[in-house]
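**Student:** Dropping a structure here in C-alpha cells format, bear with me for questions.
Just so it is clear, none of the values below were taken in a lab; they were calculated from the coordinates. All values derive from a computational prediction rather than experimental measurement. When we count neighbours, we look across all protein chains shown, and the Cβ atoms used for this are built from the backbone with ideal geometry, even at glycine.
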Amino acid sequence: MNILFCVFSGTGNTRRVSETFAGELAALGHTSELFMIKKGAPMPEIEAYDLLIVGYPVHAFNAPTTVLSFLRSMPEGGKTVYLLRTSGEPSKLNDASGITPRRILTKKGYTVKGEFTYVMPYNILFRHSQGMVSRMWKTALARIYRDVHIVDALQGDLRHVGPVRRSAAFVLRIEHPAMPLIGKTFRVSKKLCAGCGACAALCPSGNIRMVDGRPKFGMHCVGCMGCAFSCPHDAVRISVLNLWRVNGKYDFSGEPSTDDETCRYLHGMYNRYFHETGT
Ligand SMILES: Cc1cc2nc3c(=O)[nH]c(=O)nc-3n(C[C@H](O)[C@H](O)[C@H](O)COP(=O)(O)O)c2cc1C
C-alpha cells in the first residue's frame, strides 16, 4: 500500500512515533510519505494514496483545533483511515480525543478502521525523568511493532467512549477557545531571546511572526508548546501556564526505569500500561 501520514506535532513526539511506524510499515513492503499538518500548508493529494494515518497529540482529552480544521478541509473520500495519537499519560480519557476526528471523517465518507495511542513524555505539566522517557519509548516501540501488523492486515478497532469520558472531554473543550487568548499573552524574555526565529519557523499554527527581530504571538495558538519547548535559549514565557512549562528535548536512549521508579503521578496507571505491553 501507498500510505500518507498526516501528522500534527508540536514538540516532536507524534512525529517520532509516526516516522518509526512508517519505517516498520516499509519493512512490511509498504511505501509512505509524511505530511506535517501546518496552518496554511496546501492540502496533500490524498487521492494518490491507498490509506491515511492521521497523527496528533492529545490536548485536554481532545484533538488540537489545527487537526480538526485540517480534517474538515479534506476532500470527500472513501479511503480507510487510522488515528495515531500520543499522550502524556495512559488515561482512557484520552480515547475521547478520537470522537470528533472520527465524526468528521465518517461524514466525509472515510472509514476509520482503528485507533492507536502511545504514551510519550509530557511536553507540559512536568518533565518526565530520563528513565521514564526510555521506558515509554521502549513501550511505544513494542506497540508499534504490534500495530503495524494490524494496519498491514487492514484490521483494527475503535475505542468505546462512554458518557462520563465523553462529558469530561466535552467540558475540557473549553481549551479550544481559551488557548488563542492565552497564547496571545505569551512573551519572550528580552534578555534571553536571540531573535533566531526558531519559534516562528516551527509553530504549526502559524501564530508567531518576527517583528523587529522579536517574536510576536497572534490569536491562533493551540498550545502545542513547540515554541517554549524548542527555544534554544529558554526565552519563551507561556503566561499563566508558565509553572507547567517543560523546556528542552528529551533523550530517548538510556536505561528504562523500573516499576518502583515510575513517577508518583498516576504511578499505577503508568505501570499497568507498561505491563500490558510486556515492557
Ligand atoms: C495543551 C496540552 C494539553 C495536553 N493535554 C493532555 C491530555 O489531556 N492528556 C494527556 O495524556 N496528555 C496531554 N498532553 C501531553 C501531550 O499529549 C504529549 O506530551 C504529546 O506526546 C505531545 O506530542 P507532540 O510532541 O507531538 O506535540 C497535553 C499537552 C499540551 C501541550
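**Student:** Of all the C-alpha pairs in the range 1-126, what % are more than 23 Å from each other?
**Tutor:** Every Cα pair in the range 1-126 considered, those over 23 Å come to 25 percent.
**Student:** On to the next question. Once amide H atoms are placed 1.01 Å from N in the peptide plane, what residues at a sequence separation of 5 or more from VAL188, or on another chain, have their amide H within under 5 Å of its amide H?
**Tutor:** So VAL188 has HN proximity to ARG237.
**Student:** Just the number: Rg to Rh for the range 55-171, Cα atoms, Kirkwood Rh, two decimals.
**Tutor:** 0.98
**Student:** If you place +1 on the Cβ of every Lys and Arg, -1 on the Cβ of every Asp and Glu, and leave all else neutral, what size is the dipole of the range 175-244 about its Cα centre, to the nearest 20 Debye?
**Tutor:** Using Cβ point charges on Lys, Arg, Asp and Glu, the range 175-244 gives about 260 debye.
**Student:** Magnitude of the Cβ-charge dipole of the range 2-167, K/R +1 and D/E -1, about the Cα centre, nearest 20 debye? Working shown, then result.
**Tutor:** Details: 21 positive and 13 negative charges, 140 e Å.
That gives a dipole near 680 debye.
**Student:** The range 154-192 to the range 1-71: how many Å between their Cα centroids?
**Tutor:** Here the two parts' Cα centres lie 19 Å apart.
**Student:** Counting other beta carbons within 10 Å of each Cβ, put PHE186, PHE5 in order, fewest first.
**Tutor:** PHE186, PHE5
**Student:** Counting other beta carbons within 10 Å of each residue's own, what order do TYR56, TYR270 fall into, fewest first? Before the final figure, lay out the partial values.
**Tutor:** On the way: TYR56 30, TYR270 23.
With the sparsest Cβ surroundings first, the list reads TYR270, TYR56.
**Student:** Among the Cys residues of the chain, which have no other cysteine Cβ under 4.7 angstrom away?
**Tutor:** Lone cysteines by the Cβ rule: CYS6, CYS193, CYS196, CYS203, CYS221, CYS224, CYS231, CYS263.
**Student:** For the chain, what is the mean residue ellipticity at 222 nm derived from helices alone (per DSSP H run of n ≥ 4: -39500 (n - 2.57); sum divided by total residues; nearest 500 deg cm²/dmol)?
**Tutor:** -10000 deg cm²/dmol
**Student:** As an exercise, take the mean of 1/r over every pair of distinct alpha carbons in the chain, invert it, and state the Kirkwood radius in angstroms.
**Tutor:** Over the chain, the inverse of the mean reciprocal pair distance is 19.4 Å.
**Student:** If you look at just the Cα atoms of the range 166-279, how large are its Rg and its Dmax in Å?
**Tutor:** Cα-based Rg and Dmax for the range 166-279 come out at 17.7, 53 Å.
**Student:** Over the range 13-152, what is the percentage of antiparallel beta bridges among all DSSP beta bridges, to the nearest 5?
**Tutor:** Rounded to the nearest five, the antiparallel share is 5 percent.
**Student:** Sticking with this one: What share of the DSSP beta bridges in the chain is antiparallel, in percent to the nearest 5?
**Tutor:** Expressed as a percentage, antiparallel bridges in the chain total about 25.
**Student:** With +1 on each Lys and Arg Cβ and -1 on each Asp and Glu Cβ, how big is the dipole of the chain about its Cα centre, in debye rounded to the nearest 20?
**Tutor:** Once rounded to the nearest 20, the dipole reads 1200 debye.
**Student:** Diagonalise the Cα gyration tensor of the range 102-165 and give the resulting equivalent ellipsoid semi-axes, square root of 5 times each eigenvalue, largest first, whole Å.
**Tutor:** 28, 18, 10
**Student:** For the range 110-223, what is the relative contact order in percent, using Cα pairs closer than 8 Å and at least 6 residues apart in sequence?
**Tutor:** Computed value for the range 110-223: 22 percent relative contact order.
**Student:** Quick one: Karplus J couplings for the range 194-204, per residue in order, coefficients 6.51, -1.76, 1.60, θ = phi - 60°, nearest Hz, x for Gly and Pro?
**Tutor:** 9, x, 6, x, 4, 5, 5, 5, 7, 3, x
**Student:** Check the straight Cα-Cα distances from LYS191 and name the lysines below 19 Å, setting aside those fewer than 8 residues away within the same chain.
**Tutor:** LYS216
**Student:** Mind ordering 95-107, 59-71, 132-144 by average Cβ neighbours within 10 Å, highest first? Provide the component values of the computation, followed by the final result.
**Tutor:** Working: 95-107: 19.7, 59-71: 23.0, 132-144: 21.2.
So the peptides 95-107, 59-71, 132-144, ranked by packing, come out 59-71, 132-144, 95-107.
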